[in-house]
Amino acid sequence: MGAVAIDCTLGQAGHARQILERITPGGRLLGIDRDPSAVDAARKTLASFGDSVTVVHGRFSELGAMAIDKGFSPADLVLFDFGLSSNQVDDPKRGFSFRAEGPLDMRMDPGSKLTAATIVNEYDPVQIERILRDYGEERWSHRIAEFIVARRPLRTTRDLAQAVEAAIPRRAWPRDIHVATRTFQGVRIAVNDELGEIEAGLRAALSTLKPGGRMATISFHSLEDRLVKSFFNVESKDCICPPQQPVCTCGHRATLRIVTRHPVRPSDHEVAANPRARSARLRVAEKI
Ligand SMILES: C[S@@+](CC[C@H](N)C(=O)[O-])C[C@H]1O[C@@H](n2cnc3c(N)ncnc32)[C@H](O)[C@@H]1O
């Protein structure tokens, strides 16, 4: 029997194709994406693999039910490549980029309800500050939230970027990234509940894998990587009682073996060929 693989973040189906080339004939791949345009494109891109591939629209937090429904449970491999695809970032109409003027949207799934416009124009300043601080890791979150609220209504990505530019004194602008990068990251994570998705997705992957099966994650920023690292750490321990406790009462048993003790980073060669890969971190764990 060939391998059963699940790509939870199909995007432009680059990884899915690579996996299918290795597991067919005989193997099968389930591809998932919450963005309907990625799903449509992947169906076409992967058509030559015929019945070996099943593509579905959905969120990977629902992976458990989808894998059972489509006959992909238990699986040998579950892959997550978190974040946005280049297609999403580069399309101004999606509203992800501060570089081009677009609507304040930022939904990965245009069918979902919450948009960036709702957050910046309707949330109270304390909520906005928390989003920018917790999801954007933005030191100036308080001042930016004040500037956003004072400039309402904000209509475009340019309006949001300009509110950030006005809020942060020029001498404090970061050197290596655009001044609005952290704000856009924070709002985008909130719009798509990205961290909640990752937590639920990892748990679903664990229950979907067969013993000896592996999950692989590619993270692009520290918030994503921290969630994966901590999930792998907890799930690879036989006991998670506080260290000062003399006797174990938690009854926790390890369910994962960590394969990559340290995250794998792209080589200089790969970064030169694909600069967007520069912050990628790959982690792999095997179900016990
Ligand atoms: C970095 S791209 C993946 C690129 C892909 N590995 C490739 O080879 O082209 C991430 C994709 O995951 C999707 N995505 C992000 N969060 C998701 C979630 N919670 N559920 C399903 N798809 C998600 C995005 O819509 C995007 O298309």
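None of the figures in this text is laboratory data; all of them are computed from the coordinates on show. What you see is a predicted model; the values in this text were computed from it and never measured. Backbone-built Cβ (ideal geometry, glycine too); neighbour counts: all protein chains shown.
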### Query
Taking only the alpha-carbon atoms of the chain, what semi-axes of the equivalent ellipsoid follow from 5 times the gyration tensor eigenvalues under a square root, in whole Å, largest first?
34, 25, 17
### Query
Going highest first, how would you order 249-259, 107-117, 7-17 by mean Cβ packing within 10 Å?
7-17, 107-117, 249-259
### Query
So what is log10(I(q)/I(0)) for segment 185-288 at q = 0.10, 0.11, 0.23 1/Å, when the Debye sum runs over its Cα atoms only?
-0.35, -0.42, -1.22
### Query
Stretched out fully, how many nm does the piece from Thr249 to Lys113 gain, at 0.36 nm a residue minus the Cα gap?
44.7 nm
### Task
For segment 140-179 and segment 210-267, compute the distance between their C-alpha centroids and round to whole Å.
37
### Message
Taking the square root of 5 times each eigenvalue of the Cα gyration tensor, what semi-axes in Å does the equivalent ellipsoid of segment 106-205 have, largest first?
### Response
24, 16, 12
### Message
I want to make sure I understand the PRE zone here: with the label point 7 angstrom from the Cα of Ser230 toward its beta carbon, which residues in segment 193-209 have backbone N atoms less than 20 Å away?
### Response
193-207
### Query
Going by how many other Cβ atoms sit within 10 Å of their own, how do Val234, Val4, Val126, Val53 line up, fewest first?
Val126, Val234, Val4, Val53
### Summary
Phi angles of segment 109-114, converted by Karplus (6.51 cos²θ - 1.76 cosθ + 1.60, θ = phi - 60°) into ³J(HN,Hα) in whole Hz with x for Gly and Pro, give 10, x, x, 7, 7, 6
### Message
Could you work out [θ]222 nm for the chain from helices alone, using -39500 (n - 2.57) per DSSP H run of at least four and dividing by all its residues? Round to the nearest 500 deg cm²/dmol.
### Response
-12000 deg cm²/dmol
### Query
List the lysines whose alpha-carbon lies under 20 Å from that of Lys210, not counting same-chain residues fewer than 8 positions away?
Lys70, Lys237, Lys287
### Query
Given 4 °C and 1.567 mPa s, how large is the Stokes-Einstein diffusion coefficient of segment 1-45 in µm²/s, with Rh as the Kirkwood radius over Cα pairs?
123
### Message
Placing unit charges on C-beta atoms (Lys and Arg positive, Asp and Glu negative, everything else neutral), compute the dipole magnitude of the chain about its Cα centre in debye, rounded to 20.
### Response
500
### Segment Arg130-Asp159, length gained on full extension (0.36 nm per residue, minus Cα span)
8.4 nm
## Note on the structure
Rounded to the nearest 0.05, FRET efficiency between Ser279 and Asp51 (Cβ-Cβ, R0 30 Å) equals 0.25
### Summary
A chain fully extended from Ser222 to Arg175 at 0.36 nm per residue, minus the present Cα-Cα distance, gains in nm 15.0 nm
#### Entry: Net dipole in debye of segment 143-220 [+1 Lys, Arg Cβ; -1 Asp, Glu Cβ; about Cα centre; nearest 20]
220
